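First up is the structure itself, then whatever we jot down about it.
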Amino acid sequence: MKKPEKYMEQAPVLENSLLAPGVFRIVVKAPKIAADCLPGQFVMVRLTSFADPLLRRPLSIAGADPETGMITLICRIVGHGSEMLSTVKVNTLLDIMGPLGRGFALECERPLLVGGGIGLAPLLFVAEYCCPKPVEVLAGGRTCDELFWAKLFSDTCHAVHVTTDDGSLGICGTCAEALPEVLKNGNYDMILTCGPRPMMQRVAAEGAKLGIRTQVSLEEHMACGLGACRSCTCSASGGGTRQVCKDGPVFWAEEVEWA
Ligand code: FES
């Protein structure tokens with residue numbers, strides 16, 4: 001089998017826009033990565049013009065267009081690196097390495113995407129990639145500030161189910177709580193999920209009850225993104241460990257040791 005290619009690209013920023021408080025979208029031109037990446041894969045991003053922070057930041061790919069060479073990244077501000085990234089201007093060059101990791105297996109006809117918060121970013125790429133298949137999404141957020149996700153998914157999904165913790169939009173509760181009802185009314189052949197780990201564990205358990213296979217996209221701290229530093233180790237079911245950056249970030253739910 002051909003070894004997947006990885007590229008380093010000096011990618012100009014074409015857009016940097018605020019989607020909601022603390023969440024921004026960056027579109028860059030990275031033609032090689034855009035041509036080769038698959039949903040669920042990620043890139044490591046570094047600001048070329050700053051020595052600080054030195055490390056690259058892992059970011060899920062939220063969309064890619066091989067025709068235009070553009071890739072989309074959606075990021076939440078969680079620290080100094082993401083805060084600096086949120087301020088980049090159009091035409092700034094970002095140093096981007098990718099595509100990295102193992103993405104989603106998409107041999108399905110009626111997938112249900114289940115995501116919480118920023119975990120919805122890689123699922124957006126799944127929806128775009130699978131369109132016009134009848135993809136549905138169950139999107140969970142804290143408040144109606146996260147309405148923007150519903151809008152982003154409405155272009156490519158047949159149905160968008162929304163939950164908020166405070167009930168200010170859609171179903172009141174978490175998406176794991178709403179999932180049994182959504183599963184009852186659909187005829188899904190795969191669940192793909194990304195978000196907080198306890199949420200994904202519950203989603204996988206609900207899928208297993210109905211015999212629907214589930215893929216989960218794990219988040220771990222990542223320093224190198226290449227399988228070299230072992231900062232992203234997780235436990236595998238049946239013993240042993242896996243590197244989330246290289247063996248994942250997407251795993252079948254049954255591959256993960258959840259305890
Ligand atoms: Fe270095 Fe995974 S991030 S081994």
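Every number in this text was worked out from the coordinates using simple rules, so none of it is lab data. Quick caveat: nothing in here was measured; it's all calculated off a predicted structure. Here the Cβ is made from the backbone with ideal geometry for all residues, glycine too, and neighbour counts use every protein chain on show.
For the reader, a short list of remarks on this structure follows.
- Measuring nothing but how far apart in sequence close Cα pairs (under 8 Å, 6+ apart) lie, relative to its length, the chain scores a relative contact order of 17 percent.
- Distance (nanometres) between label positions extended 7 Å along Cα→Cβ at residue 84 and residue 189: 4.6
- Spin-label model, residue 221/residue 177: points 7 Å from Cα along the beta carbon direction are separated by 3.2 nm.
- Spin-label proximity, residue 143 to segment 14-33 - amide N less than 14 Å from point 7 Å beyond Cα toward beta carbon: 20-23
- Estimated distance in nm for a label pair at residue 18 and residue 133, the labels positioned 7 Å out from Cα along Cα-to-Cβ: 3.7
- C-alpha center-to-center spacing [segment 216-240, segment 32-46] in angstrom: 18
- With 0.36 nm allotted per residue and the present C-alpha distance subtracted, the residue 197-residue 151 stretch has 14.1 nm of extension available.
- Annotation: peptides 71-77, 122-128, ranked by per-residue average of other Cβ atoms within 10 Å with the highest first, follow the order 122-128, 71-77.
- Label zone at residue 246 (point 7 Å along Cα-to-Cβ), backbone N below 15 Å, segment 198-232: 222-232
- Taking the fewest neighbouring Cβ atoms within 10 Å as the starting point, the ordered list for 151, 29 is 151, 29.
- In the chain, the calculated helix contribution to ellipticity at 222 nm averages -6500 deg cm²/dmol per residue, counting -39,500 (n - 2.57) for every DSSP H run with n ≥ 4.
- Among beta bridges identified by DSSP and lying wholly in the chain, the antiparallel ones come to about 60 percent.
- Cα gyration tensor, segment 56-102 - rounded (a/c under 1.5), prolate or oblate: oblate
- For segment 145-259, the relative contact order comes to 16 percent (Cα pairs under 8 Å, sequence separation of at least 6).
- Cα shape, segment 34-187, gyration tensor, a/c 1.5 rule: oblate
- Fewest-first ordering of 9, 146 by other beta carbons within 10 Å of each residue's beta carbon gives 9, 146.
- For segment 206-259, the calculated P(r), taken from all Cα-Cα distances in 5 Å bins from zero up to the bin holding the longest distance, is 5, 22, 28, 21, 14, 6, 4, 1 percent.
- The C-alpha radius of gyration of the chain, expressed as a fraction of 2.2 N^0.38 Å, stands at 0.96.
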